[in-house]
Amino acid sequence: MKTSSATFTLLDEAFSGIWRARRMVLLSVLQIGVSIYLVGVFLLFAENLSGITETVRDESAITVYFRPSSTSVERENLEKFARDSHYVSAVRAVSSAEVRKRFITSWSSLATAATSVEPNPFPDTVELDLLPDALVSRSLPGFLTRLAAQPGVDDVQFDVEWIRRLRGVVTLIQTAGAFLGLILALGAAFTIANVVRLTILLHQDEIEILRLVGAPEFLIRGPFVGGGVVQGFLGALLALGLLALSFHGVIRYVAATKNVLLGVFVVKFLPLGPSLLLVSGGVLAGLLGGLLAVRRRHIHG
Amino acid sequence: MIEFSRVTKEYRGRRVLRDVTFLIRRGEFVFLTGPSGAGKSTLLKLIYHAEQPTSGRIVVNGTEVASLSPGKTAELRRSMGIVFQDYKLLPDRTVAENVSFVLKFLGMPAAERKKRTYQALRLVELHHRQTALPEELSGGEQQRVALARALVNEPELLIADEPTGNLDARLATEMMKLFSAINIRGTTVLVATHDQALIKETGKRTLTLDRGMVLGEGEKVSLPPQALGKRDPAETLGHEPRWRDRTEPGG
Ligand SMILES: Nc1ncnc2c1ncn2[C@@H]1O[C@H](COP(=O)(O)OP(=O)(O)OP(=O)(O)O)[C@@H](O)[C@H]1O
Ligand SMILES: [Mg+2]
């Protein structure tokens, strides 16, 4: 038998089998959909949280504050020291005048106070953008210490710890999501196996007839396995649909209530990768369920 | 084609067939008759391995049936056409689907399946009911769908259990003509039937079962299997079976 026509026959039979048991299939698709939806919520949450750490990283620069007594040579030496290190992607000198200007823009209510004070109370600074690898590098604290020890430097500001913690939270959520996903996927597989088993029971007469006229075993069992796979696939699509709906619901709620905190946490939908992960999870659960259901014990030879 | 040597079949200790021995050669047309409960259906089930003999040897198409794996059994059944006494149609598929699905196993393209299905349904005069479901058909119509399904794959061996039980006299005769035509084209045919008139009409070799034993064909049945085996090589496809015009047993 040619594989293409055999595959077609299998799919054909799977779909007509599903159609004939559509009510039960609907129930199992709903359950699988809700399971995958829950996993999706986790993934979405983790995705957005790690999005925040990305944003923070983009904005996170080391700020080096110079003493008022620092000389321009000291400042240039520091810039050179930073540039020569393996941690920095960009170096920006920000003069005390520039810092004052920024302060006034951000805190307009204090503008008069800030402008009236002379001499300029803001120090000269240098902002260093870190390379992506540097942020997680173990030797970063050493680099910060060396920066602080440079002549003319008053203080070095860089709080890497809270980013690390946030990343830890993201990892935790991802791990929990994966764990939950595994459990829910197994649950979904068992649900699918039960539905498939039930359809097998309903089709006992048909299976007997197929056997009597010499149907190959893969054509007898295949459609039931295929039915499981299709259920898993439909469940995953349903979950993605629900997820998109609730995502847009939250976005709209945020827009209406101007709930900034929520707005920070929910900004983007699942990208292609995790979405495909959900769909293939559904398909795999369906395949597993289908295979569990057609073991010899359940489909008599 | 089909060889039974001292075959006994018991259902939970109740003997249904005892010491049944016979040989059907390739290209033969044989009737199997006997009263209700004599074991006709049981004998046919043994041939297509839906039942296992309690003792004895059954060889179909050169292989011993009892030792066939499920896969080989399916293969054997695909080479046959079987008309079941209770039809065994798939209830939620149309007439055309019921006939054409056996062609799917052979990997036949859809267009070819459709053509063959139409032809088979024409032979049984049901080509105008292709889209009907079995429950929408009369008993005789369902029987003819079962017939069409058994014929559609042009089997080497056709086994029919009471294929005319629900047909009127005209259709019964038509179907027997159809069987004869198929037989002439080379298919071995074995038909179980009560209908003595039909057997007379066609005048073919007949095996008669009574209380589990094969009556008639007296001397042939008592021959030891080895003797039957020795006679086999002399037979070639298309030869007139030797005992075709022997006395009609059970008649
Ligand atoms: N699965 C079974 N379990 C127990 N007994 C059976 C089984 N199948 C058939 N029998 C018994 O075997 C005997 C022969 O049955 P079988 O169906 O072979 O008869 P038959 O000759 O085909 O009869 P009919 O002409 O009515 O179709 C009957 O007495 C029947 O009760
Ligand atoms: Mg019978």
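The values are calculated or read from the model by the stated rules, or taken from the named source; none is laboratory data. In this text the structure is predicted, and so the values were computed from the model without any measurement. Ideal geometry is used to build each Cβ from the backbone, glycine not excepted, and the neighbour counts take in all protein chains shown. Note: accessible area is taken over every heavy atom of the protein model, side chains too, but ligands, DNA and RNA are not part of it. Shrake-Rupley method; radii C 1.70, N 1.55, O 1.52, S 1.80 Å.
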Residues of segment B:100-110 that turn out to be aliphatic (A, V, I, L, M), assigned to a helix (DSSP H, G or I) and open to solvent by 20 Å² or more (accessible area, probe 1.4 Å), as a count: 1
Condition met for B:Arg113 (within 12 Å of another protein chain (Cβ to nearest Cβ), in a helix (DSSP H, G or I) and without any contact (Cβ under 8 Å) to a residue 24 or more places away in the chain): yes
Boolean, B:Leu178 is part of a helix (DSSP H, G or I), modelled with pLDDT under 90 and surrounded by fewer than 20 Cβ atoms within 10 Å (Cβ to Cβ): yes
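If a residue must be in contact (Cβ under 8 Å) with a residue 12 or more places away in the chain and over 18 Å from A:Ser35 (Cβ atoms), how many such residues does segment A:168-197 contain? Don't jump to the end; show me each part of the working.
We begin by selecting, within segment A:168-197, every residue in contact (Cβ under 8 Å) with a residue 12 or more places away in the chain; these are A:169-170, A:173-174, A:176-177, A:180-181, A:184-197.
Add one more test, that the residue is over 18 Å from A:Ser35 (Cβ atoms), and what stays is A:169-170, A:197.
Looking only at that region, the number is 3.
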Residue count for segment B:12-68, restricted to those that are away from every other protein chain (no Cβ under 14 Å) and at negative phi: 34
Test result for B:Ala146, within 16 Å of ligand 2 (Cβ to nearest atom) and part of a helix (DSSP H, G or I): yes
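Would you call B:Val124 in contact (Cβ under 8 Å) with a residue 24 or more places away in the chain, of a type in the set (A, V, I, L, M, F, W, C) and within 16 Å of ligand 2 (Cβ to nearest atom)?
no
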Single residue of segment A:176-200 satisfying the filter (open to solvent by 40 Å² or more (accessible area, probe 1.4 Å), at pLDDT 85 or above and closer than 20 Å to A:Ala21 by Cβ) that is farthest from the other protein chains (Cβ to nearest Cβ): A:Phe190
Lone unmet requirement of (1) open to solvent by 30 Å² or more (accessible area, probe 1.4 Å); (2) assigned by TED's automatic domain parsing to the domain that holds A:Leu30 for A:His203: (1)
Some residue of segment B:178-193 being closer than 22 Å to B:Lys45 by Cβ and of a type in the set (Lys, Arg): no
Residues of segment B:133-160 satisfying the condition of being open to solvent by less than 10 Å² (accessible area, probe 1.4 Å) and within 16 Å of ligand 1 (Cβ to nearest atom): B:Gln143, B:Ala146, B:Ile159, B:Ala160
Members of segment B:80-103 found to be under 16 Å from A:Glu208 (Cβ atoms) and at the interface with chain A (Cβ under 9 Å from one of its Cβ atoms), listed by number: B:Ile82, B:Phe84, B:Lys88, B:Leu89, B:Leu90, B:Pro91, B:Asp92, B:Arg93, B:Phe101, B:Val102
Breaking point among (1) touching a helix residue (DSSP H, G or I) at 6+ places or on another chain (Cβ under 9 Å); (2) within 12 Å of ligand 1 (Cβ to nearest atom), for B:Thr42: (1)
